[in-house]
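What follows is a single structure, written as structure tokens, with notes after it.
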Amino acid sequence: MRLAVAREIEVGERRVALIPDTVARLVKKGIEVWVEAGAGESSFFTDTDYETAGAKIVTDTDALWHEADVLLKVGIPKEREDGRLEVDLLREGAVLISFLNPLGEPAIAQRLAQRQVTALSMEMIPRTTRAQSMDALSSQASIAGYKAVLIAAAALPKYFPMLTTAAGTIAPAKVFIMGAGVAGLQAIATARRLGAVVEAFDIRPAVKEEVQSLGAKFVEVQLNEDTVADGGYAKEVSEAAKQRTQEVVAEHIKQSDVVITTAQVPGKKAPILVTEEMVAQMKPGSVVVDIAAEQGGNCACTKPGKDVQYNGVTIIGPINLPSSMPVHASQLYAKNLFSLVQLLIKDSNLDVNFADDIVSAACITHAGEIRNQRVKEALA
Ligand code: NAD
């Protein structure tokens, strides 16, 4: 079985699908690993590191894609400089494993099915205990939560911690985290480590205890409706619930020095949690970091990839935060892939076993068909 690691061509993508350490583990299992020349360069892993780990370095991109049994990537396959699509370089029957955003950009699934590619989407790995080691959404979201706080701290014209000095006492920064999923919880922990006073809000009441155990205060809003969908994800809430939420959170936003928004609903545009009026109420010098910027943003003033000034408030809409920490982002993602690849190997050969619930849930296309009902619905 031949496994290939492609060099990412998306501008700004610095991660790589496998790091040399994971390559060595796969080679030990009798798997042939090809790595495209320069694939690890942006995350500081050299071709020599991969070679030492037992990989073959391949300079011919077409050959790497065409001769792979399993092609590993980080981001959605793209159009190359020569105008050809990366997916069209795969041969029929090959397996592609990557983040594929099949609910947001379902056309990719159609193309992969046409190409008779068996595609496993890392977003579709179930959030179950058995699949934890493969949960790339979590490993990358945690980085995003951590980095968002560092960005906020750097942009805030104030200290985060309380300081008692000979020159006077500094009050700690007030940080409000909106959305307490994986990214939000890591943001809470990071802001607490920096000494801020932290509050958090989520429409899933189940996160209250986790928020409190990290030393933050949970802001409660009584919503008289079910807010949790299958798999523990948040549901899109009614207009009445949105209104009720806004009334409660407005006061907390107004009092905060930093607001970090992380709220997402799978397959939908991110909900607006911070309106323009709320930003207008914030103190000049305050900072909003909107991790959901790529999904449209949780703040009405967010511009993805840009820093916006509004009445003295800075609204930052970072793109691809995990890529800004490519060493650990790649290390964790490689471990996620390694765990998943192990489910696809039997006696050193490729064996895509749909009886396995993780493989079945992650696989979006196989043998010319789109297998996932939600992806089919997204295409309709
Ligand atoms: P996510 O990135 O989809 O969303 C981030 C957070 O935003 C979530 O906590 C969500 O509830 C919240 N949110 C959505 N709409 C909101 C709104 N209008 N207002 C406020 N908050 C809003 O979430 P995630 O971090 O990917 O986690 C999704 C689910 O998966 C959670 O239930 C989480 O506990 C679960 N999970 C389970 C495992 C596991 O068991 N192995 C691992 C990771 C995550």
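The values are calculated or read from the model by the stated rules, or taken from the named source; none is laboratory data. This one's a predicted model, so the numbers in the text were calculated from it and none came from an experiment. As a convention, Cβ positions derive from the backbone with ideal geometry for all residues, glycine included, and neighbour counts pool all protein chains shown.
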Review point. What number of residues within the stretch 5-27 are among the small types (Gly, Ala, Ser) and surrounded by fewer than 21 Cβ atoms within 10 Å (Cβ to Cβ)?
Key: 2
Review point. On the given criteria, is ALA152 surrounded by 18 or more Cβ atoms within 10 Å (Cβ to Cβ), more than 14 Å from the chain's Cα centre (by Cα) and either acidic (Asp, Glu) or in a helix (DSSP H, G or I) (or both)?
Key: yes
Practice item. Would you point out which residue out of GLY305, GLY297 is modelled with pLDDT of 90 or more, away from the ligand (no atom under 15 Å from the Cβ) and part of a loop (DSSP other than H, G, I, E, B)? Key: GLY305
Exercise for review: Identify all residues within the stretch 355-373 that are under 15 Å from ALA113 (Cβ atoms) and of a type in the set (D, E, K, R); write none if there are none.
Suggested key: GLU369, ARG371
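In this structure, does LYS147 turn out to be more than 16 Å from the ligand (Cβ to nearest atom) and assigned by the TED database to the domain that holds MET282? Steps first, please.
Working: more than 16 Å from the ligand (Cβ to nearest atom): no; assigned by the TED database to the domain that holds MET282: yes.
When the stated conditions are applied, LYS147 does not pass them.
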Exercise for review: For THR164, state whether it is away from the ligand (no atom under 13 Å from the Cβ), polar (S, T, N, Q) and in a strand (DSSP E or B).
Suggested key: yes
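For the structure I just gave you, tell me whether VAL288 is of a type in the set (Val, Ile, Thr) and more than 19 Å from LEU185 (Cα to Cα).
no
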Practice item. Among what's in the stretch 306-353 and is of a type in the set (Gly, Ala, Ser) and under 15 Å from the mean Cα position of the chain (by Cα), pick the residue that is farthest from MET1 (Cα to Cα). Key: GLY317
Point to revise | Inter-residue pairs, beta-carbon under 8 Å, first more than 22 Å from VAL265 (Cβ to Cβ) and of a type in the set (D, E, K, R) and in the stretch 202-219, second within 14 Å of the ligand (Cβ to nearest atom) and at pLDDT 95 or above, 6+ apart | key: LYS217/GLU199; LYS217/ALA200; LYS217/VAL211
Check your understanding: Considering LYS283, LYS303, which residue is touching a helix residue (DSSP H, G or I) at 6+ places or on another chain (Cβ under 9 Å), over 19 Å from LYS147 (Cβ atoms) and assigned by the TED database to the domain that holds GLY195?
Key -> LYS283
Practice item. Give the number of residues within the stretch 332-352 that are farther than 20 Å from ALA136 by Cα and surrounded by fewer than 17 Cβ atoms within 10 Å (Cβ to Cβ). Key: 5
Practice item. Could you grab the pairs with beta carbons closer than 9 Å, sequence gap of 6+ or different chains, first residue in the stretch 6-21 and hydroxyl-bearing (Ser, Thr, Tyr), second one at pLDDT below 95? Key: none
Check your understanding: Does the stretch 353-380 hold any residues that are surrounded by 16 or more Cβ atoms within 10 Å (Cβ to Cβ) and of a type in the set (A, V, I, L, M, F, W, C), and which are they?
Key -> ILE358, VAL359, ALA361, ALA362, CYS363, ILE364, ILE370, VAL375, ALA378
**Study point:** Identity of the residue in the stretch 245-272, of a type in the set (A, V, I, L, M, F, W, C) and touching a helix residue (DSSP H, G or I) at 6+ places or on another chain (Cβ under 7 Å), that ends up nearest to TYR233 (Cα to Cα)
**Key:** ALA263
